[in-house]
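The values are calculated or read from the model by the stated rules, or taken from the named source; none is laboratory data. Please read these numbers as outputs of a predicted model, since none were measured by experiment. Cβ placement follows ideal geometry from the backbone for every residue including glycine, while neighbour counts extend to all protein chains displayed. Keep in mind that these areas ignore ligands, DNA and RNA; they rest on the heavy atoms of the full protein, side chains included. Shrake-Rupley method; radii C 1.70, N 1.55, O 1.52, S 1.80 Å.
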Amino acid sequence: MNVFRILGDISHLLAMIILIVKIWRSKSCSGISGKSQILFALVFTSRYLDLFTSFISFYNTIMKVIFLLCAYATVYLIYGKFGNTFDSEQDSFHLQFLLVPVTGLSLLENYQFIPLEILWTFSIYLEAVAILPQLFMISKTGEAETITTHYLFFLGLYRALYLANWIWRYYTEHFFDRISVISGVVQTIFYCDFFYLYITKGCYLPVKAEYKSQLKKLTHKAIGKPSRTGYKCSFKTY
């Protein structure tokens, strides 16, 4: 295990904690895509079934359990405890446009045609596109709260650090996992414009025609054209 992997895991965990704390403190899940969170819960569930079959390390086991708990806690807060604040009309991304092709691809392109391996592959492919409902929701409403952008930033940072981890492993261990690397690159691409604006503009992201255009390109492939509302981050602090 190298520093990029550890920092990536920390960044991923921070993103999940930021989201949970935001929902809990504001007692609202406004601006959060419940569908993205369902997809992430499905990612962790299908990926970590090996908890029952193999032991790699205490660190590995603990992190898997924490990610599962955080994912399902987030889903519960959105659809359960604070469900009355959830705007299902804005969270309108059609999940079948992601689940069907991801399922088909995991059956066609995997390392071994056995249940656990197929489910692991499914989780890798699904994670690459799980953020799309959230990005579509932002492009549709034209708003993103400060905490939501922090959450997206740390998710993007996690993926960037994992790319560095794979490069490090390739040069130090001669290890290359093409499924994880290609999926990771695809996932990172979805964050690129947001990542750039977050760093250069900080917490305030003004209306950007080029960013709106990129979001349209990313989401239009899965579900029609987003609203004509411009992309504007109208931030609130809690």
Out of Trp24, Trp166, Ile66 - ranked by how far each Cα lies towards the positive end of the dipole of the range 3-215, with unit charges on the beta-carbon of charged residues - the top one is Trp24
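Keeping all protein chains in place, calculate the accessible area per residue for the range 3-215 (probe 1.4 angstrom), answer in Å².
Using a 1.4 Å probe on heavy atoms only, each residue of the range 3-215 averages 48 Å².
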Taking only the alpha-carbon atoms of the range 60-170, the convex hull volume per residue, in cubic angstrom, is 148
Shape call for the range 122-183, from the Cα gyration tensor axes a ≥ b ≥ c (a/c under 1.5 means rounded, otherwise prolate when a/b beats b/c, else oblate), comes out oblate
For the range 3-215, the percent of all C-alpha pairs falling in each 5 Å bin, from 0 up to the bin holding the max distance, is 1, 7, 13, 19, 21, 18, 12, 6, 3, 1, 0
Distance in Å, no decimals, from the C-alpha centre of the range 1-33 to the one of the range 92-153 is 17
Taking protein heavy atoms only, a 1.4 Å probe, and rounding to whole percent, the accessible area of the range 3-215 owed to carbon and sulfur comes out at 70
